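Chemist: The structure's right below; bear with me while I get my questions together.
Taken together, the values in this text are just the output of simple stated rules run on the coordinates, not laboratory data. Computed from a predicted model, the values in this text were never measured in an experiment. Using ideal geometry, Cβ is built from the backbone for each residue, glycine included, and neighbour counts are taken over all protein chains shown.
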Amino acid sequence: MKILGLDPGLGTTGWGLIEANGNRLSHIANGQIKTDTAAPLPRRLCALADQLEALIADHAPAGAAVEEVFVNKNAQSTLKLGQARGVILMCAARAGIDVGEYAPALVKKAVVGTGGAEKPQVHAMVSRLLPGAKIAGADAADALAVAITHAHHLATHRALKR
């Protein structure tokens, strides 16, 4: 099953695509969707949607997972992150993809073993879990971590159903 992991952001949205066959995970692709910081908010959201829809059309994932919003000290930043996340959820829903949503601490715990892990620890573990993957930055590493978390949760859910 192809799973698209997404780490939402208005300026940069990380994405990572993995293949999950039972407990075996393999890297397909990863990258970053960037928007023009000088453009008005509606244009940036539209650019995010356009690029994400193209990504989904190119790779046809069967599932997707998105990191949940955490509250920043800056309320404006939190609102913009929420709007970007809304665009991501809408694009996945329009493509008919079911989306898992995971808190950042849960993703860190699933991949690193502790919910308080730092970004470099997440990046290192993603590199170990997906050997040979050339990761396009911290946002892409976080997105791959979200995809890995979703794969693990789906595998657990299937096992419990049996």
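Chemist: Exactly one condition in (1) surrounded by 14 or more Cβ atoms within 10 Å (Cβ to Cβ); (2) closer than 20 Å to LEU17 by Cβ is not met by PRO131; state its number.
Modeler: Every listed condition holds for PRO131 apart from (1).
Chemist: Could you tell me whether any residue of segment 33-50 is within 18 Å of ALA136 (Cα to Cα), buried (at least 18 other Cβ atoms within 10 Å of the Cβ) and of a type outside the set (Ser, Thr, Tyr)?
Modeler: yes
Chemist: Could you check, for segment 6-26, whether at least one of its residues is part of a helix (DSSP H, G or I) and either free of Cβ contacts under 8 Å to residues at least 12 places away in the same chain or not aliphatic (A, V, I, L, M) (or both)?
Modeler: Keep residues of segment 6-26 that are part of a helix (DSSP H, G or I), which gives none.
Within segment 6-26, not a single residue is part of a helix (DSSP H, G or I) and either free of Cβ contacts under 8 Å to residues at least 12 places away in the same chain or not aliphatic (A, V, I, L, M) (or both).
Chemist: Could you list all residues from segment 105-126 that are of a type outside the set (Val, Ile, Thr), part of a helix (DSSP H, G or I) and either buried (at least 18 other Cβ atoms within 10 Å of the Cβ) or free of Cβ contacts under 8 Å to residues at least 40 places away in the same chain (or both)?
Modeler: Passing the criteria: ALA105, LYS108, LYS109, ALA110, LYS119, PRO120, GLN121, HIS123, ALA124, MET125.
Chemist: Here is a further query. When you go through (1) under 24 Å from THR35 (Cα atoms); (2) in a helix (DSSP H, G or I) one by one for ALA136, which number turns out not to apply?
Modeler: Condition (2) is where ALA136 drops out.
Chemist: For segment 27-56, which positions are free of Cβ contacts under 8 Å to residues at least 12 places away in the same chain and not in a helix (DSSP H, G or I)?
Modeler: In the first step, residues of segment 27-56 are kept if they are free of Cβ contacts under 8 Å to residues at least 12 places away in the same chain; the result is 36, 38-40, 42-43, 46, 50, 54.
ASP36, ALA38, ALA39, PRO40 - these are the residues of segment 27-56 that are free of Cβ contacts under 8 Å to residues at least 12 places away in the same chain and not in a helix (DSSP H, G or I).
Chemist: Which one is nearest to the chain's Cα centre (by Cα) among residues in segment 54-74 that are surrounded by fewer than 16 Cβ atoms within 10 Å (Cβ to Cβ) and closer than 24 Å to LYS2 by Cα?
Modeler: Going residue by residue through segment 54-74, those that are surrounded by fewer than 16 Cβ atoms within 10 Å (Cβ to Cβ) are 54, 57-60, 62, 68, 70-74.
Narrowing further to those that are closer than 24 Å to LYS2 by Cα: 54, 57-60, 62, 68.
Numbers: ALA54: 16, ALA57: 16, ASP58: 17, HIS59: 14, ALA60: 15, ALA62: 14, GLU68: 10 Å.
Checked segment 54-74; the qualifying residue nearest to the chain's Cα centre (by Cα) is GLU68.
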